[in-house]
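Enquirer: One structure follows; several queries about it will come next.
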């Protein structure tokens, strides 16, 4: 229901903002711009879905090989001690555990093209054990909130963009970004665990949290000692890991003596069906976001926030980068454009340029995730998914501001 009200709000607020601009500022182009933005968003939504078709077909084809070859089940058994605590409603050895593991691992490595197909497969498998086929189950909510928190170990794409913007050290946002996403993940996990009455003091979960912190600390030490090598080798390591996984699936299929090629075709067909299923959901959310932005409501929000911060005599340097934080839950490409614009305007190594990078990496495309993932299995009642995901985003944003001041001051 939360997504329903938010979607309605996009259009109502956009209409009110457009009326304001038309009557008080004489902007006669605002309504044509809004309609054009809505039509463009519908076109983009369809094109994104079509673009996803090939990626989904490829990865779900390999996932089907891994499933039939037993590799996904092996991952499920390996992750079961941890996931059984976070996802207590998922039966032991269920294939969804393996898909969830693949999705989270790909997200941590910043491999979006692999994360989305694995995530959509996980949603289909979770839907199989969902007692109410139109309402999000507890495991679905935990899974999407963890996705929205955006825990990233190797922020490949952001380092690449900072390199293109001539940053002196493209990897210098590595530590602040990791801290921001870690806090976001813990906040989202805690929110859902409380709602679902999951015991976070369980020894297994305590070990998991301590293990994540220890792993992050190790990566931080390596990055601080070898910053240039991090930028150079991170994409290589991530893609070697990914391709090695595909080879493992193929070898597992050969050992099981299955027809690997036919298994791939079977999974690829599922990818095509999934891509078609998400088209209306994707168009709906993109149209709402586009109208909200074209009406000028987003600009009014930023201007109002700037005035409020000034009146309260609070530090305001972060406001210049804040549009990235507002845009990211709504549109990944829109936030990316704003991040690049901030780095071009203020410099990649400026406070604003660095904070824009942190905002881009410490939040995720929450509404896109909800629309696509739930749309793929026809879930209409998202329950408390959106509040949980937005809380994780908020925790990441606040932490990003804090650590940016801590690490870089206001330079």
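Enquirer: Please give the number of the condition residue 169 fails out of (1) surrounded by 15 or more Cβ atoms within 10 Å (Cβ to Cβ); (2) in contact (Cβ under 8 Å) with a residue 24 or more places away in the chain; (3) more than 26 Å from residue 342 (Cβ to Cβ).
Expert: Result: residue 169 fails condition (3) only.
Enquirer: Separate question: How many residues, within the stretch 247-267, are out of contact with any helix residue (DSSP H, G or I) (no Cβ under 7 Å at 6 or more places or on another chain) and either crowded, with 17+ Cβ neighbours inside 10 Å or not in a helix (DSSP H, G or I) (or both)?
Expert: Final tally of qualifying residues: 2.
Enquirer: Assess whether residue 370 counts as being at negative phi, surrounded by fewer than 24 Cβ atoms within 10 Å (Cβ to Cβ) and out of contact with any strand residue (DSSP E or B) (no Cβ under 8 Å at 6 or more places or on another chain). Give the derivation first.
Expert: Working: at negative phi: yes; surrounded by fewer than 24 Cβ atoms within 10 Å (Cβ to Cβ): no; out of contact with any strand residue (DSSP E or B) (no Cβ under 8 Å at 6 or more places or on another chain): yes.
Against the criterion (at negative phi, surrounded by fewer than 24 Cβ atoms within 10 Å (Cβ to Cβ) and out of contact with any strand residue (DSSP E or B) (no Cβ under 8 Å at 6 or more places or on another chain)), residue 370 does not qualify.
Enquirer: Return yes or no: is residue 73 more than 24 Å from the chain's Cα centre (by Cα), without any contact (Cβ under 8 Å) to a residue 60 or more places away in the chain, surrounded by fewer than 20 Cβ atoms within 10 Å (Cβ to Cβ) and part of a helix (DSSP H, G or I)?
Expert: yes
Enquirer: Does residue 11 satisfy the criteria of being part of a helix (DSSP H, G or I), over 27 Å from residue 124 (Cα atoms) and in contact (Cβ under 8 Å) with a residue 60 or more places away in the chain? Even if it seems obvious, please write down each step before you answer.
Expert: Details: part of a helix (DSSP H, G or I): yes; over 27 Å from residue 124 (Cα atoms): yes; in contact (Cβ under 8 Å) with a residue 60 or more places away in the chain: yes.
For residue 11, the condition - part of a helix (DSSP H, G or I), over 27 Å from residue 124 (Cα atoms) and in contact (Cβ under 8 Å) with a residue 60 or more places away in the chain - is met.
Enquirer: Against the condition assigned to a loop (DSSP other than H, G, I, E, B), at pLDDT 85 or above and either more than 20 Å from residue 360 (Cβ to Cβ) or touching a helix residue (DSSP H, G or I) at 6+ places or on another chain (Cβ under 6 Å) (or both), how does residue 154 come out, does it pass?
Expert: no
Enquirer: Something else now. Of the conditions (1) surrounded by fewer than 19 Cβ atoms within 10 Å (Cβ to Cβ); (2) part of a helix (DSSP H, G or I); (3) modelled with pLDDT of 80 or more, residue 6 fails just one. Which one is it?
Expert: Condition not satisfied by residue 6: (3).
Enquirer: Among the numbered criteria (1) modelled with pLDDT under 90; (2) over 14 Å from the mean Cα position of the chain (by Cα); (3) closer than 19 Å to residue 103 by Cα, which one does residue 377 miss?
Expert: Result: residue 377 fails condition (1) only.
Enquirer: Considering only the stretch 296-304, I want to know if a residue exists there that is in contact with a helix residue (DSSP H, G or I) (Cβ under 7 Å, 6 or more places away or on another chain), part of a loop (DSSP other than H, G, I, E, B) and at pLDDT 75 or above.
Expert: yes
Enquirer: Can you find, within the stretch 28-70, the residue that is surrounded by the most Cβ atoms within 10 Å (Cβ to Cβ) among those that are within 26 Å of residue 300 (Cα to Cα) and without any contact (Cβ under 8 Å) to a residue 24 or more places away in the chain?
Expert: 31
Enquirer: Then there's this: Picking from 113, 107, 130, which residue would you name as being out of contact with any strand residue (DSSP E or B) (no Cβ under 9 Å at 6 or more places or on another chain), at pLDDT below 80 and either buried (at least 23 other Cβ atoms within 10 Å of the Cβ) or not in a helix (DSSP H, G or I) (or both)? I'd like the intermediate steps shown before the answer.
Expert: Working: 113 fails: either buried (at least 23 other Cβ atoms within 10 Å of the Cβ) or not in a helix (DSSP H, G or I) (or both); 130 fails: at pLDDT below 80.
Of the residues listed, the single one that is out of contact with any strand residue (DSSP E or B) (no Cβ under 9 Å at 6 or more places or on another chain), at pLDDT below 80 and either buried (at least 23 other Cβ atoms within 10 Å of the Cβ) or not in a helix (DSSP H, G or I) (or both) is 107.
Enquirer: If you go through the stretch 316-359, how many residues are at positive phi and either crowded, with 24+ Cβ neighbours inside 10 Å or in a helix (DSSP H, G or I) (or both)?
Expert: Qualifying residue count, the stretch 316-359: 0.
The values are calculated or read from the model by the stated rules, or taken from the named source; none is laboratory data. These numbers were taken from a predicted model, which means no experiment stands behind them. Here Cβ is always computed from backbone atoms with ideal geometry, including for glycine, and neighbour counts include all displayed protein chains.
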